[in-house]
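Peer 1: Handing you this structure, nothing more for now.
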Amino acid sequence: MMKKYSLLLSASAITAISADGVQKIKLKKIPEAEKIVNLLSPNPNPTLGGVSAPISLSRRLGEPKKSENIVLRDLKNAQYYGPVMLGTPPQEFLVVFDTGSADFWVPSASCEKRSMNCKAKHAYDPTKSSTYSAVPSGQQTSFQIMYGSGPVSGKFGQDSVTLGDDYTVEGQTFAAADSTDGLGLTYGKAKFDGILGLAFPTISRDPGVNTVIPNLKEKGHLDKAMFAFYLGDESDGELTIGGYDDTKFDGSITWVDLISPTYWLAPVDQIKFGENLVADSKIAGIIDTGTSLIYGPKEQVAGMVAAIGGRFIPKIGLNLIDCNTKIPDLSLTIGGHEVKIEGSKLMIQDNSKQFCFFTVATMMFGFGSAQEEGESVEEEMEEEVIDQMSRLVGEGLPIPAGYDAWLLGDTYMRQVYNVFDFDNKKYGIATLKQTVSEE
């Protein structure tokens, strides 16, 4: 997952059942004053190295200056969260709806004793739920997951889970997190309590357990194990469960078979940056609401960055660009359907309006901050920044060998209506209506 600047599904989200039986959950954008860093980042450094003057690529590491700190909460948000009920009687939590992961966790009652950043969170208490049970014998009991910012750990259990107002699945496996120290102070300030993963169980910490949407169908609560996202551009959005909302798009849905049912891993025909072809063979796109930006292989992204004069800032893994730069449009073709992202949408700016960053970046899983003092950024880029997506490629891992992997976050997803079909292992896109109804 990725460094992110957040849009959010609010706790007061309104839910509605449409005539065709699908449930709609409104997605709300958080106020500008409440912007927070994305905790689900593959880049483990959650702050922007702020700058009072342009940064030179040859500047030596190990020379931090307090005047060079811009906190990520000052950047544009793009993360979504919403309400989930757990237990009987229900205990309410705010969770990130994340298509880039497959685990469901909320803080446990003991979390605040072990982790300072848990103190303001809603905590799950199994003693207050008549439907709680331990996981069956032989099933995994301990839970640990590593995000870009650090680990979360706890124990698996089972209880009733309700999405929206009416969809309840009994005996859903989830994790009660005892420790969230790895997420740091930012998690303590964030509005969400936990994560609800919407990817396939094969990438879960416990791959033998069904995730929530397929479980709803398996237990007879849904006709289709399907959901869809409309992500508003500077406006409210919507998550639809059990199908899709055809008032949000024009024409038909373009469907593609997934490369593998792990992530929502869709085949991409080609990627162009302006008139330049970036890639056109064996491209795997991870469709990820848990990521706001777009990430790709080192060499392909480097060519794009060079074309606009970008300068890499290692503390955040993004490229600083001149705010007056005219960025070419980025085009991705999926199933013959071209999705164009205007160049103006490929830049984020801090609140001072002085510093701008390119929103296409290189995957940097495992890229830590423990570089040797005196190492230059050029050396760091050459020697330490590898194509991190290659760690996901190969035998037994989610992305087949030979594919170039791109992480397609909300910057991409806002351009189309996105449909996720568990039953047929397909991903669908459709052209958004110019004026989308919020009814």
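Peer 1: Contact list please: Cβ distance under 8 Å, first residue in the range 400-423 and part of a loop (DSSP other than H, G, I, E, B), second residue open to solvent by less than 10 Å² (accessible area, probe 1.4 Å) and among the β-branched types (V, I, T), pairs at least six apart or on different chains.
Peer 2: Y403/I283; G409/T289; G409/T291; G409/I294; Q415/V339; Q415/I341; F422/I213
Peer 1: Given the conditions (1) in a strand (DSSP E or B); (2) open to solvent by 20 Å² or more (accessible area, probe 1.4 Å); (3) in contact with an Asp or Glu (Cβ under 8 Å, 6 or more places away or on another chain); (4) not hydrophobic (A, V, I, L, M, F, W, C), and given that E338 satisfies all but one, which numbered condition is not satisfied?
Peer 2: Single failed check for E338: (3).
Peer 1: Here is a further query. Could you please give the count of residues in the range 255-298 that are within 22 Å of A430 (Cβ to Cβ) and of a type in the set (F, W, Y)?
Peer 2: Matching residues across the range 255-298 total 3.
Peer 1: Determine, yes or no, whether K217 is more than 30 Å from V301 (Cα to Cα) and under 23 Å from the mean Cα position of the chain (by Cα). Break it down into steps so the answer makes sense when it comes.
Peer 2: Values: more than 30 Å from V301 (Cα to Cα): yes; under 23 Å from the mean Cα position of the chain (by Cα): no.
No, not satisfied.
Peer 1: Out of S108, S101, S115, S52, which single residue is closer than 24 Å to L346 by Cα, hydroxyl-bearing (S, T, Y) and either at pLDDT below 90 or surrounded by 18 or more Cβ atoms within 10 Å (Cβ to Cβ) (or both)?
Peer 2: Working: S108 fails: closer than 24 Å to L346 by Cα; S101 fails: closer than 24 Å to L346 by Cα; S115 fails: closer than 24 Å to L346 by Cα.
Answer to the check: S52.
Peer 1: Something else about it: Take A123 and decide whether it is farther than 29 Å from G409 by Cβ and surrounded by 18 or more Cβ atoms within 10 Å (Cβ to Cβ).
Peer 2: On the way: farther than 29 Å from G409 by Cβ: yes; surrounded by 18 or more Cβ atoms within 10 Å (Cβ to Cβ): yes.
Taking the combined requirement at face value, the residue satisfies it.
Peer 1: So L196 clears everything in (1) crowded, with 22+ Cβ neighbours inside 10 Å; (2) in contact with a Lys or Arg (Cβ under 7 Å, 6 or more places away or on another chain) except one condition, right? Which one?
Peer 2: The failed condition is (2).
Peer 1: Identify the single condition in (1) of a type outside the set (S, T, Y); (2) out of contact with any Lys or Arg (no Cβ under 9 Å at 6 or more places or on another chain); (3) farther than 25 Å from W264 by Cα; (4) surrounded by 21 or more Cβ atoms within 10 Å (Cβ to Cβ) that A177 does not satisfy, given that it satisfies every other one.
Peer 2: (2)
Peer 1: With the requirement that a residue be open to solvent by 20 Å² or more (accessible area, probe 1.4 Å) and either assigned to a loop (DSSP other than H, G, I, E, B) or at pLDDT below 90 (or both), what does the range 149-163 give you?
Peer 2: Hits for the range 149-163 are S149, P151.
Peer 1: Could you please let me know if E170 is open to solvent by 20 Å² or more (accessible area, probe 1.4 Å) and modelled with pLDDT of 85 or more? Spell out how you get there, then give the answer.
Peer 2: Working: open to solvent by 20 Å² or more (accessible area, probe 1.4 Å): yes; modelled with pLDDT of 85 or more: yes.
Yes.
Peer 1: What's the number of the only condition in (1) within 23 Å of the chain's Cα centre (by Cα); (2) farther than 19 Å from P400 by Cβ that D269 fails to meet?
Peer 2: (2)
Peer 1: Also, I was wondering about something else. Would you mind finding the one in T254, T211, T262 that is of a type outside the set (G, A, S), under 30 Å from T180 (Cβ atoms) and touching a strand residue (DSSP E or B) at 6+ places or on another chain (Cβ under 7 Å)? Walk me through how you get there before you give the answer.
Peer 2: On the way: T254 fails: under 30 Å from T180 (Cβ atoms); T262 fails: touching a strand residue (DSSP E or B) at 6+ places or on another chain (Cβ under 7 Å).
Result of the check over T254, T211, T262: T211.
Peer 1: On to the next question. Please verify whether the range 146-166 includes one or more residues that are without any contact (Cβ under 8 Å) to a residue 24 or more places away in the chain and β-branched (V, I, T).
Peer 2: Looking through the range 146-166, none of the residues is without any contact (Cβ under 8 Å) to a residue 24 or more places away in the chain and β-branched (V, I, T).
Peer 1: Identify, by number, the condition in (1) among the hydroxyl-bearing types (S, T, Y); (2) part of a helix (DSSP H, G or I); (3) in contact (Cβ under 8 Å) with a residue 60 or more places away in the chain that T127 doesn't meet.
Peer 2: (3)
Peer 1: When you scan the range 305-319, do you find a residue that is part of a strand (DSSP E or B), of a type in the set (V, I, T) and either farther than 24 Å from R414 by Cα or open to solvent by 10 Å² or more (accessible area, probe 1.4 Å) (or both), even just one? I'd like the intermediate steps shown before the answer.
Peer 2: Step one: of the range 305-319, the residues part of a strand (DSSP E or B) are 311-313, 318-319.
Next cut, of a type in the set (V, I, T) only: 313.
Checking which are either farther than 24 Å from R414 by Cα or open to solvent by 10 Å² or more (accessible area, probe 1.4 Å) (or both) leaves us with 313.
Within the range 305-319, one or more residues are part of a strand (DSSP E or B), of a type in the set (V, I, T) and either farther than 24 Å from R414 by Cα or open to solvent by 10 Å² or more (accessible area, probe 1.4 Å) (or both).
The values are calculated or read from the model by the stated rules, or taken from the named source; none is laboratory data. Every value quoted in this text rests on a predicted model; they were computed, and no experiment measured them. All Cβ positions, even for glycine, are placed from backbone atoms using ideal geometry, and neighbour counts span all protein chains on display. Accessible surface is based on the protein model in full, side chains and every heavy atom, while ligands, DNA and RNA are left aside. Shrake-Rupley method; radii C 1.70, N 1.55, O 1.52, S 1.80 Å.
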